[in-house]
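The structure appears below as structure tokens.
Only the coordinates and a few stated rules stand behind these numbers; no lab work does. Note that the structure is a prediction, hence the values are computed from the model and not measured. Cβ: placed from backbone, ideal geometry, glycine included. Neighbour counts: every protein chain shown.
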Amino acid sequence: MDLKTYSKSNSQIELARKLGVTGGAISQWVNGLCAVPAERCPAIEAATGGLVRCEDLRPDVQWSVLRGSEAPAPVNTARPAIETIAQGV
């Protein structure tokens, strides 16, 4: 859910209080006047009980990397050439 949709049924002032920012800041984010700072996104996600996710607020940030949920790099299972030659494989 985006912040604008969330704010239709939830108080911007209450959200501002939870985040320690001004109501004006929330209003600017809701109305798209300025982007939500990436460092604020996790607090917004927590304050909204996960209804507004970091990915919704800032899709330009690789949240999967920060969350540690990106698929790990493949493990190199190839045997080194010297080991292969030594074993006559």
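Restricting attention to region 5-42, report how many residues are of a type in the set (A, V, I, L, M) and surrounded by 15 or more Cβ atoms within 10 Å (Cβ to Cβ). Talk me through it step by step, then tell me what you get.
Here is the first cut: in region 5-42, the residues of a type in the set (A, V, I, L, M) are 13, 15-16, 19, 21, 25-26, 30, 33, 35-36, 38.
If we keep only those that are surrounded by 15 or more Cβ atoms within 10 Å (Cβ to Cβ) as well, we get 15-16, 19, 21, 25-26, 30, 36.
Residues in region 5-42 being of a type in the set (A, V, I, L, M) and surrounded by 15 or more Cβ atoms within 10 Å (Cβ to Cβ): 8 in total.
Which residues, counting only those in region 1-14, are under 19 Å from the mean Cα position of the chain (by Cα) and over 11 Å from LEU51 (Cβ atoms)?
Within region 1-14, the first condition is being under 19 Å from the mean Cα position of the chain (by Cα), and the residues that meet it are 1-6.
Hit for region 1-14 is LYS4, nothing else.
Quickly run through region 25-39 and pick out the residues that are within 15 Å of GLN12 (Cα to Cα) and assigned to a helix (DSSP H, G or I).
ALA25, ILE26, SER27, GLN28, TRP29, VAL30
Output the residues belonging to region 13-41 that are more than 22 Å from PRO59 (Cβ to Cβ) and of a type outside the set (A, V, I, L, M, F, W, C). Break it down into steps so the answer makes sense when it comes.
Step one: list which residues in region 13-41 are more than 22 Å from PRO59 (Cβ to Cβ), which gives 13-14, 16-18, 20, 22-24.
Matches in region 13-41: GLU14, ARG17, LYS18, GLY20, THR22, GLY23, GLY24.
Filter region 8-24 down to the residues that are out of contact with any Ser or Thr (no Cβ under 8 Å at 6 or more places or on another chain), of a type in the set (S, T, N, Q) and assigned to a loop (DSSP other than H, G, I, E, B), then identify the one that is nearest to LEU66 (Cα to Cα). Give the derivation first.
Of all residues in region 8-24, those out of contact with any Ser or Thr (no Cβ under 8 Å at 6 or more places or on another chain) come to 8-9, 11, 13-14, 17-24.
Retained after the next criterion (residues that are of a type in the set (S, T, N, Q)): 9, 11, 22.
Next, from what is left, pick out any that are assigned to a loop (DSSP other than H, G, I, E, B): 11, 22.
Details: SER11: 29, THR22: 27 Å.
Restricting to residues being out of contact with any Ser or Thr (no Cβ under 8 Å at 6 or more places or on another chain), of a type in the set (S, T, N, Q) and assigned to a loop (DSSP other than H, G, I, E, B), the top hit is THR22.
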